[in-house]
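Before any comments, here is the structure.
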Amino acid sequence: MKTKFKKTTISVIASVLLLGQLIGCSGSSTDGKNSSNGSNAAGNSVSPITLTYFTQDPSANWNNMQDRIGKIITEKTGVVLDAEFAVGDPTQKVAIMAATGEVPDLIAAKADIGKLVDVGAILDLTDLIEEHAPNIKKMLGDQIVRAKYSLEDQAIYTVPTWSAIDERKLKPDYGFQLQHRVVKEAGYPEIRTVKDFEKVIKEYLDKYPTDKNGNPNIGLTLNADDWHMYQVTNMGFFTTGAPDDGEYYVDQETFDVTYHFRRPEEREYFRWLNHMNSIGLLDKESFVQKTDQFKAKVASGRVLGLIDPAWDYGEAQNALKAEGKFDQTYGHYPVTMSKEYKDTSFWPAGFDGGYGIAISADCKDPVAAIKFLDYLASEEGQVLINWGVEGIDYIVQDGKRIVPKETQDKMDKEGNAYLKESGLGLYWNLTVHYGDGIQDSTGNYFTKNNREMLIATFSEPEKDVLEAYNVETWRDLFPKEEEFPERKAGAAYNIVLPSDSKATILMQKMKDITWKRIPEAIMANPNQFDKIWDDYMAELEKAGVKEMEEAYGQFVKDRVKLWSGE
C-alpha cells in the first residue's frame, strides 16, 4: 500500500519548496543565498551543498567529483555528490532503505524503485520538473508520458537515465566478442553462429595453448558473480531472436509474456555452453570467480572470446590498450544459435522511462537536486559530460568538435587513469540524455559515438579486421533497426512493479531456481543435461511460473495502454 504521507503531504512540501527556494531544507545554504546555483545574486561564491547519492550501477573510476568535469559541474550547480555504489545485492540494499526510511538525497534503484514508492520515500517530480527543469522538460518532450510510473499512478518518480532520447545506436553493447588476433589467425572467416565462434577459438587454442610467459590461454570465460549472472542468462534470448525484455519474452502482438528460459529455443543455447565446457573451451572458474578475477583474466590478454556486455569488460580492455596490446582487444560479432535467427542488438525499444534517478522525500534541497540534474540535461552539460573540457579533451576545428590524434593516443595509453582524471564516462547516466547521432545547436554531435569519431578511435588491428570484413564499423555487421517491428511496450525489463505484486514475489523464487539450475546444467556431464533441464522446468512450474507470467503480462498491457493514450 502507498502511504497517505506520499499522496498528500509530499505534494504540499514540494509546493512550498518550489515557492520558497530561499528557505530550503536542512543542509541548504543560508542567509538567503540560493544553494541551487553555487553563487548568490551578487555573484559571490557560496559553499557547495553535498547531496548523498546511491546507485545500483558500478563506477570503477569515480573520483568524488574531483575530476575536471566534476569540478565544473559543481561550479555550475553548487552540488557535490557523496556517492555510494552498490556492493553485493543492490535489491537487498534498497529493501533496507525502504524498511528503515534512511534514503539518500538521490537514488538510482532501477526496478527496485517500486519499494521506495510504496512507502512514500521518494518525491513526485512532476511539479519540480515543470518549475525548475526546463532542459529535462524540453528533452523529454512528448515522451514525458513514458516517465509516468503506471497507468494507475501517473506520478513521475524518476528522471529517466537508462534510455536515451532519439537513440541511434552505433555500437553493439551485448553479444559475442573475439580478440582481433584470433580472427586474423583464422583468416577472417564468417562468424555468424555459435559454431563459427567455437571453431575459431578452438583452432587458435590448439595452436597456442599458452601465452608467451607460459600461462594458459582461455577460450571463453563468463562473469557470473552475483547479479552478473544476468549477463550469462540474457544470452539465451539474444541468441534466439528475441530482444532484451529482461526475464521475459514478450509476444509483440498479444503482449502475453513467457519467462524466457521456458522457450525451447533457449534450452539449445545453454546446451551449447554445456558443450563448450565439456570440450575444455569454457573456463572452469566461470561460476566461482569474482568480478575482479574475471577482469584480471581479460586484462591479462589470455581470454580469446567473451560473451559479455562491453561496459562490463571495458575497464579490462582499457588496460590492454594502455599496454599497447591492441590485437588482444575485442571485436563484436552478430552471433546467434543458427542463421534462422537475427541478432537483436539493434531492435529499437523507443524511449524507456522506467529506470532513472529519484529524489528522496527527505532530500536536503529538492530544488538544488533537480537543478543539478537539469544542468546535466542542458546542451552545455551534455557536451561537457560527453566530450570533456575544450582544449584538454577535445578541440574545435573549423566549427567541428574533434579529439586530436595525440589526445586519443593519450586516452588509449592511460586508459582508466585518463577517465578518472577527466571524468569522461562518469556522468552520462546521472540524467536524461541525448542518444548517439543527435546534433546540438552548433551542428555537432552530442556524443562521440558518431560514425566519423568512432572510426577515428579504432586501433590499427581493429581497422585491419573491419577492412577484412569489408565494413567500417562493427555496427555494419549487424541487422538494421528497420528489419524489426515496433515494440509498443518498449523494453519490458524496466517496468517498475509494486513490491507486493505477485510478479515481484514470484520472480524472486524463479531467480533462485534459475541461478542454481543454469550453472548446474552448463557444468554437468552432457548426458545429464536434459534431465537437469527437465527438472528445472518442472521446478519452475511447481513454483508458480505461469501465475507470474500472467501477472507480469498485465503490467506490460497496462504500459501499452498508458503510452498509447488509450
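The values are calculated or read from the model by the stated rules, or taken from the named source; none is laboratory data. Quick caveat, the model's predicted, so the values are computed rather than measured. Every residue, glycine as well, gets a Cβ built from its backbone with ideal geometry; the counts of neighbours run over all protein chains shown.
Given the criteria touching a helix residue (DSSP H, G or I) at 6+ places or on another chain (Cβ under 6 Å) and surrounded by 17 or more Cβ atoms within 10 Å (Cβ to Cβ), does residue 497 qualify? Spell out how you get there, then give the answer.
Numbers: touching a helix residue (DSSP H, G or I) at 6+ places or on another chain (Cβ under 6 Å): yes; surrounded by 17 or more Cβ atoms within 10 Å (Cβ to Cβ): yes.
Against the criterion (touching a helix residue (DSSP H, G or I) at 6+ places or on another chain (Cβ under 6 Å) and surrounded by 17 or more Cβ atoms within 10 Å (Cβ to Cβ)), residue 497 qualifies.
Within segment 138-165, which residues are charged (D, E, K, R) and out of contact with any helix residue (DSSP H, G or I) (no Cβ under 9 Å at 6 or more places or on another chain)? Across segment 138-165, the qualifying residue is only 142.
Could you please give the count of residues in segment 241-262 that are in contact with a Ser or Thr (Cβ under 7 Å, 6 or more places away or on another chain), under 24 Å from residue 529 (Cα atoms) and not small (Gly, Ala, Ser)? Quick ask: steps written out before the conclusion?
Residues of segment 241-262 that are in contact with a Ser or Thr (Cβ under 7 Å, 6 or more places away or on another chain), as a first pass: 241-243, 248-249, 261.
Next, from what is left, pick out any that are under 24 Å from residue 529 (Cα atoms): 241-242, 248-249, 261.
Next, from what is left, pick out any that are not small (Gly, Ala, Ser): 248-249, 261.
Total meeting the criteria: 3.
Scanning segment 152-169 for residues being aliphatic (A, V, I, L, M), surrounded by 19 or more Cβ atoms within 10 Å (Cβ to Cβ) and in contact with a Gly (Cβ under 9 Å, 6 or more places away or on another chain) gives a total of 3. Among residues of segment 111-141 being surrounded by 21 or more Cβ atoms within 10 Å (Cβ to Cβ) and of a type in the set (D, E, K, R), the one that is farthest from residue 508 (Cα to Cα) is 124.
Counting only residues that are hydroxyl-bearing (Ser, Thr, Tyr) and either assigned to a loop (DSSP other than H, G, I, E, B) or surrounded by fewer than 21 Cβ atoms within 10 Å (Cβ to Cβ) (or both), segment 305-329 holds 1 of them. Taking (1) under 18 Å from residue 179 (Cα atoms); (2) in a helix (DSSP H, G or I); (3) at pLDDT 95 or above; (4) under 24 Å from the mean Cα position of the chain (by Cα) in turn, residue 332 satisfies each apart from (2).
Among the residues in segment 362-373, are any touching a residue at least 12 places away in the same chain (Cβ under 8 Å), surrounded by 23 or more Cβ atoms within 10 Å (Cβ to Cβ), of a type in the set (Phe, Trp, Tyr) and in a helix (DSSP H, G or I)? Let's see the steps before the verdict.
Of the residues in segment 362-373, the ones touching a residue at least 12 places away in the same chain (Cβ under 8 Å) are 362-373.
Restricting the remaining residues to those that are surrounded by 23 or more Cβ atoms within 10 Å (Cβ to Cβ) gives 363, 365-373.
Among the residues that remain, those that are also of a type in the set (Phe, Trp, Tyr) are: 372.
When the remaining residues are screened for being in a helix (DSSP H, G or I), the result is 372.
Yes: one or more hits.
Are any residues in segment 379-405 loosely packed, with under 14 Cβ neighbours inside 10 Å and at positive phi, and if so, which ones? 391, 398, 399 - these are the residues of segment 379-405 that are loosely packed, with under 14 Cβ neighbours inside 10 Å and at positive phi. If you take the residues in segment 518-549 that are surrounded by 15 or more Cβ atoms within 10 Å (Cβ to Cβ) and among the acidic types (Asp, Glu), which one is nearest to residue 271 (Cα to Cα)? Selected residue: 520.
Does residue 512 meet the test of being part of a helix (DSSP H, G or I) and either over 30 Å from residue 98 (Cα atoms) or within 25 Å of the chain's Cα centre (by Cα) (or both)?
Values: part of a helix (DSSP H, G or I): yes; either over 30 Å from residue 98 (Cα atoms) or within 25 Å of the chain's Cα centre (by Cα) (or both): yes.
Yes.
Can you find even one residue in segment 520-537 that is more than 30 Å from residue 281 (Cα to Cα) and not charged (D, E, K, R)? Among the residues of segment 520-537, not one is more than 30 Å from residue 281 (Cα to Cα) and not charged (D, E, K, R), which makes the answer no. One residue stands out in segment 442-456 among those that are of a type in the set (Ser, Thr, Tyr) and out of contact with any helix residue (DSSP H, G or I) (no Cβ under 6 Å at 6 or more places or on another chain): the one that is modelled with the lowest pLDDT, namely 445. Restricting the first member to segment 392-417 and to residues that are under 15 Å from residue 322 (Cβ atoms), and the second to residues that are polar (S, T, N, Q) and surrounded by 13 or more Cβ atoms within 10 Å (Cβ to Cβ), the beta-carbon pairs closer than 7 Å and six or more apart or on different chains are 408/457; 415/318; 416/61; 416/318.
Sort out which residues of segment 446-458 are under 11 Å from residue 170 (Cβ atoms) and touching a residue at least 40 places away in the same chain (Cβ under 8 Å), and write them in order of number. Across segment 446-458, the qualifying residues are 447, 448, 449, 450, 451, 453, 454.
Being of a type outside the set (Gly, Ala, Ser), buried (at least 18 other Cβ atoms within 10 Å of the Cβ), assigned to a helix (DSSP H, G or I) and modelled with pLDDT under 95 is a property that does not hold for residue 297. For first residues located in segment 101-114 and in contact (Cβ under 8 Å) with a residue 60 or more places away in the chain, partners that are of a type in the set (Lys, Arg) and lie 6+ apart or on another chain with Cβ distances below 7 Å form the pairs 105/364.
Of the set (1) in contact (Cβ under 8 Å) with a residue 40 or more places away in the chain; (2) part of a helix (DSSP H, G or I), all apply to residue 489 but (2). Residue 190 passes every criterion in (1) in contact (Cβ under 8 Å) with a residue 24 or more places away in the chain; (2) of a type in the set (D, E, K, R); (3) touching a Phe, Trp or Tyr at 6+ places or on another chain (Cβ under 9 Å); (4) surrounded by fewer than 19 Cβ atoms within 10 Å (Cβ to Cβ) apart from (1). Could you identify the single residue in 465, 471 that is free of Cβ contacts under 8 Å to residues at least 12 places away in the same chain, within 19 Å of residue 175 (Cβ to Cβ) and not charged (D, E, K, R)? Only one candidate passes the filter, namely 471.
Restricting to segment 542-566, count the residues that are farther than 19 Å from residue 493 by Cα and touching a helix residue (DSSP H, G or I) at 6+ places or on another chain (Cβ under 9 Å).
Kept after step one, since they are farther than 19 Å from residue 493 by Cα, are these residues of segment 542-566: 542-544, 565-566.
Cutting the leftovers down to touching a helix residue (DSSP H, G or I) at 6+ places or on another chain (Cβ under 9 Å) gives us 543-544, 565-566.
Count: 4.
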